[in-house]
Amino acid sequence: DGQFVLPTGMAFDSEERLHIADEGTHRISVFDTEGAFLGKWGEKGSGDGQFDGPSGIGFDSNDNAYVVDQHNHRVQVFTRDGEQIRQWGERGLGDGQFNQPWGVALDSNDSVYVADWRNDRIQKFTSDGRFLASFGESGGGEGQLSRPSDMAVDAEGYIYVADWGNERVQVLGPDGSFLVMLRG
């Protein structure tokens, strides 16, 4: 308890409890802001509430946790205490399907953005998993992605994408249109 193998994502709930997704232990570990271990949930598997490489976590305005379940190619939604509410996704190339999804972010309207790593795109969903849009395609040009690993959405809906394979960050408009590229 309280130890990690491959921590890959983290987010705070409304009570400032830090939830850490650990790809190696296939669980979510919870800590207070002083670093004290508070609990854990999840285990290896493909059933409801189980994980095979949880890689990202984010919270909506109701304190529900959205966890990207990388090798099960899905998003699972839980109460902040680890009770599963719903899930969506499967392996594939179509809308709402994933190939090793990685990061997750929510906007101020509780829309869910998922970095679909091997499909080189960002997908946008309603909080209950209904597909809304897809942004990006494979490549190195403006608005193109190579293994996007995470993103953040600001208060105005602009999407900041960690374009891992292209070693850059891209900023997209709320409609997914390319705006600017940041390189280190």
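The values are calculated or read from the model by the stated rules, or taken from the named source; none is laboratory data. Remember, predicted model here, so these are calculated numbers, not experimental data. We place every Cβ from the backbone using ideal geometry, glycine too, and count neighbours over all the protein chains shown. Just so you know, the surface numbers come from the protein's heavy atoms only, side chains and all, with ligands and any DNA or RNA stripped out. Shrake-Rupley method; radii C 1.70, N 1.55, O 1.52, S 1.80 Å.
Go through 28-35, 137-144, 110-117, 71-78 and give me the packing order, highest mean Cβ count within 10 Å leading.
With the highest mean Cβ count within 10 Å placed first, the list reads 110-117, 71-78, 28-35, 137-144.
Once the whole set of protein chains is in place, how much accessible area is left on Arg27, using a 1.4 Å probe, in Å² to the nearest 10?
Number for this one is 40 Å².
Between Asp95 and Ser108, what is 0.36 nm times their sequence separation minus the Cα-Cα distance? Round to one decimal in nm.
2.4 nm
What residue among Asp163, Asp13, Asp150 has the largest mean-square fluctuation in a Gaussian network model of the chain, using Cα springs under 10 Å?
With Cα springs under 10 Å in the chain, the top fluctuation among Asp163, Asp13, Asp150 is at Asp13.
At 1.4 Å probe radius, can you tell me the per residue accessible area of the stretch 25-103 in Å²?
42 Å²
Could you calculate the FRET efficiency of Ser61 with Tyr158 from 1/(1 + (r/R0)^6), where r is the beta carbon distance between them and R0 is 22 Å, rounded to 0.05?
Calculated transfer efficiency: 0.70.
So what does Met181 come to for accessible area, using a 1.4 Å probe and Å² rounded to 10?
Solvent-accessible area, nearest 10 Å²: 60 Å².
About the Cα centre of the chain, how large is the charge dipole given +1 on each Lys and Arg Cβ and -1 on each Asp and Glu Cβ? Please answer in debye to the nearest 20.
Dipole magnitude for the chain comes out near 560 debye.
Please check: in the Gaussian network model of the chain (C-alpha springs, under 10 Å), which one of Leu38, Leu145, Leu18 has the largest mean-square fluctuation.
Looking only at Leu38, Leu145, Leu18, the biggest GNM fluctuation is shown by Leu38.
Taking all protein chains in place and a 1.4 Å probe, what share, in percent, of the accessible surface of the stretch 1-116 do carbon and sulfur account for?
42 percent
Counting just the Cα atoms, what span does the stretch 71-158 cover along each of its three principal axes? Round to the nearest Å and put the largest first.
41, 31, 19
Mind putting a number on the dipole of the stretch 117-184 about its Cα centre? Charges go on the C-beta only, +1 for Lys and Arg and -1 for Asp and Glu, and I need it in Debye to the nearest 20.
200 debye
Give, in nm to one decimal, the length gained when the segment between Ser146 and Asp128 is fully stretched (0.36 nm per residue of separation minus the Cα-Cα distance).
Gain on extension, Ser146 to Asp128, equals 3.7 nm.
Quote the Stokes-Einstein diffusion coefficient, in whole µm² s⁻¹, for the stretch 1-108, based on the Kirkwood radius over alpha carbon pairs, a temperature of 37 °C and a viscosity of 0.692 mPa s.
After rounding, the answer is 242 µm²/s.
Pick from Ile85, Ile122, Ile159: which residue has the top mean-square fluctuation in a GNM of the chain where Cα pairs under 10 Å get a spring?
Fluctuation is largest for Ile85.
Just by accessible area at a 1.4 angstrom probe, what is the order of Lys124, Lys40 from largest to smallest?
Solvent-accessible surface, decreasing: Lys40, Lys124.
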